[in-house]
Amino acid sequence: MHPVLELIIERTKQGSRPGVREDAYKLGLAIEGGGMRGVVSAGMVSALEQLGLLNAFDIVCGTSAGAINGAYFVARQAAYGTTIYYDCINNDRFISFRRTFSSDPVMSLEFLLYHVMVRERVLDWKAVVSSPIPLKVVVSSLNHLSAVVLDGFHSRDELLEAFRATARIPLIAGPPVQSNGDQFLDGGIYESFPFQTAIDNGCTHVLTLLTRPAGKLRCKPSSFDKSVVARALARVNPGIARAYLMRPAKYCADVKRLEIESEHPSGPPYLFAVRPPETTPEVARLEKGRDKLLAGAASGMRAILSALSGSDASMIEVLRPFDESGRERKLL
């Protein structure tokens with residue numbers, strides 16, 4: 001068994017808790033986002049939650065939507081947070097291409113953060129800031145032209161601003177967020193999979209959650225990326241525009257590293273990646289179809305069950321599947 005999975009299972013069997021470990025290891029969870037594709041990693045943390053595995057982790061790192069999923073996981077609300085994708089934001093209030101004809105971005109982060117997360121699917125922010133498992137939100141810094149981490153939160157507003165910063169992209173999700181003399185954009189520009197942040201924070205073992213199915217990679221920027229998004233970024237900072245265009249190649253290189261380390265661990269640090277199988281339909285970044293989003297959440301759940309048990313046959317015994325309204329069914 002891979003050392004990352006072995007550590008998760010052993011800690012869970014022992015009832016190990018963060019801050020009072022009997023082993024000398026540090027286990028991190030790194031969560032990819034990807035806009036509405038984040039529903040896949042939301043399904044993954046829902047499975048981890050239902051399996052009672054939160055206390056096995058020492059740190060949670062997230063990029064973009066992955067940071068929001070990580071917050072609900074740390075707050076023990078992962079399944080609740082997953083319903084946001086197909087109950088609350090798969091609509092024109094969050095995603096509207098009509099806004100391309102105005103100065104407003106296609107995605108309204110303000111609607112998600114300051115309406116949905118404080119009124120409809122209320123994040124228990126106090127549980128997040130007081131948790132012994134710290135949440136690390138990865139953002140892209142315009143001052144440093146690198147990934148930096150926002151953490152040490154003390155209030156709901158600080159958390160929400162960090163989520164806003166890690167998801168911003170001009171035209172798509174809005175301009176840079178200004179804070180403490182710096183400007184921040186989508187953390188995925190430099191670190192789509194925040195396993196390096198986990199390693200930099202001393203992790204010896206890292207479980208990384210990927211939202212694209214195996215084999216579904218794009219290693220070159222699209223025409224839209226080059227002609228529209230990169231040009232908008234260049235007006236903000238030419239360096240960040242270059243990094244954005246290099247992101248697909250870095251993404252593929254990181255996936256390759258994770259594939260190798262998952263199959264042939266050479267750590268520490270040990271890296272293990274979980275992602276849906278190649279036959280799984282990919283969820284689009286701006287997907288609004290409820291059925292496709294539900295299927296994406298389910299694929300994430302199955303991927304975790306498959307990784308931890310070798311089969312997803314036990315899912316019905318462990319997880320409470322969502323019904324048509326997005327609520328959890330009770331086990332029979």
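The values are calculated or read from the model by the stated rules, or taken from the named source; none is laboratory data. Because the structure is predicted, anything quoted here is derived from the model rather than measured. In this analysis, Cβ positions are derived from the backbone assuming ideal geometry, glycine residues included, and neighbour counts consider all displayed protein chains. Side chains are part of the model used for accessible areas, which takes the heavy atoms of the whole protein and leaves out ligands, DNA and RNA. Shrake-Rupley method; radii C 1.70, N 1.55, O 1.52, S 1.80 Å.
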Report the longest stretch of the chain that contains none of the GluC sites (Glu not before Pro) sitting in a DSSP loop with at most 14 other Cβ atoms within 10 Å.
-> 23-277
Do you know the relative contact order of the stretch 181-305, to the nearest whole percent, from alpha carbon pairs under 8 angstrom that are 6+ apart?
-> 33 percent
Within a Gaussian network of the chain (alpha carbon springs, distance under 10 Å), most fluctuating of A165, A253, A65 | A253
Mind checking the log10 I(q)/I(0) for the stretch 1-103 at q = 0.11 Å⁻¹? Debye, one equal scatterer per Cα, no solvent, two decimals.
-> -0.40
Percent of accessible area on the stretch 1-140 owned by carbon and sulfur, 1.4 Å probe?
-> 51 percent
What helices does the chain have that are whole DSSP H segments, at least 20 Å long along their own axis by Cα, and with mean Kyte-Doolittle hydropathy of -0.5 or more?
-> 238-263, 290-309
In whole percent, the Cα-Cα distances of the stretch 72-119 spread across 5 Å bins from 0 upward as 5, 20, 25, 22, 14, 8, 4, 2
Given Cβ charges of +1 for Lys and Arg and -1 for Asp and Glu, the option among F101, I9, G34 whose Cα lies farthest towards the positive end of the dipole of the chain is F101
With unit charges on the beta carbon (Lys/Arg positive, Asp/Glu negative), name the residue among F163, L135, V74 whose Cα is farthest towards the positive pole of the charge dipole of the chain.
-> F163
Projecting the Cα atoms of A232, G43, V283 onto the charge dipole of the chain, where Lys and Arg contribute +1 and Asp and Glu -1 at Cβ, the residue farthest towards the positive end is A232
Candidates Q14, Q178, Q196, ranked by Gaussian network fluctuation over the chain, Cα under 10 Å, top entry | Q14
In debye to the nearest 20, how big a dipole does the chain give about its Cα centre with +1 on each Lys and Arg Cβ and -1 on each Asp and Glu Cβ?
-> 780 debye
Take the eigenvalues of the Cα gyration tensor for the chain, scale each by 5, and report the square roots as semi-axes in whole Å, largest first.
-> 29, 22, 20
Treat the stretch 1-40 as a sphere of radius equal to its Kirkwood radius over Cα pairs and apply Stokes-Einstein at 20 °C in a medium of 1.002 mPa s; give the translational diffusion coefficient in µm²/s, rounded to a whole number.
-> 176 µm²/s
Would you list which lysines come within 19 Å of K216, measuring only between C-alpha atoms, while excluding same-chain residues fewer than 8 positions from it?
-> K250, K256, K292
Counting Lys and Arg as +1 and Asp and Glu as -1, each charge on the Cβ, what is the dipole of the stretch 107-157 about the Cα centre in debye, to the nearest 20?
-> 80 debye
Using a basic spin-label model with each label point 7 Å from the Cα along Cα→Cβ, how many nm lie between S130 and I9?
-> 3.5 nm
All aspartates and glutamates inside 20 Å of K126 as judged from Cα atoms, apart from same-chain residues fewer than 8 positions distant = E49, D58, D151, D157, E158, E161
How large is the charge dipole for the stretch 155-244, taken about the Cα centre, if only the Cβ atoms of Lys, Arg (+1) and Asp, Glu (-1) carry charge, to the nearest 20 debye?
-> 600 debye
For the stretch 70-208, shape from the Cα gyration tensor axes a ≥ b ≥ c, cut at a/c of 1.5 then a/b versus b/c, turns out oblate
Under the Kirkwood approximation for Rh and a Cα-based Rg, what ratio Rg/Rh is obtained for the stretch 151-263?
-> 0.99
The stretch 232-288, accessible area per residue, ligands and nucleic acids excluded (1.4 Å, Å²) | 54 Å²
Of all the accessible heavy-atom surface of the stretch 155-288, with the other protein chains kept in place and a 1.4 Å probe, what percent is carbon and sulfur?
-> 53 percent
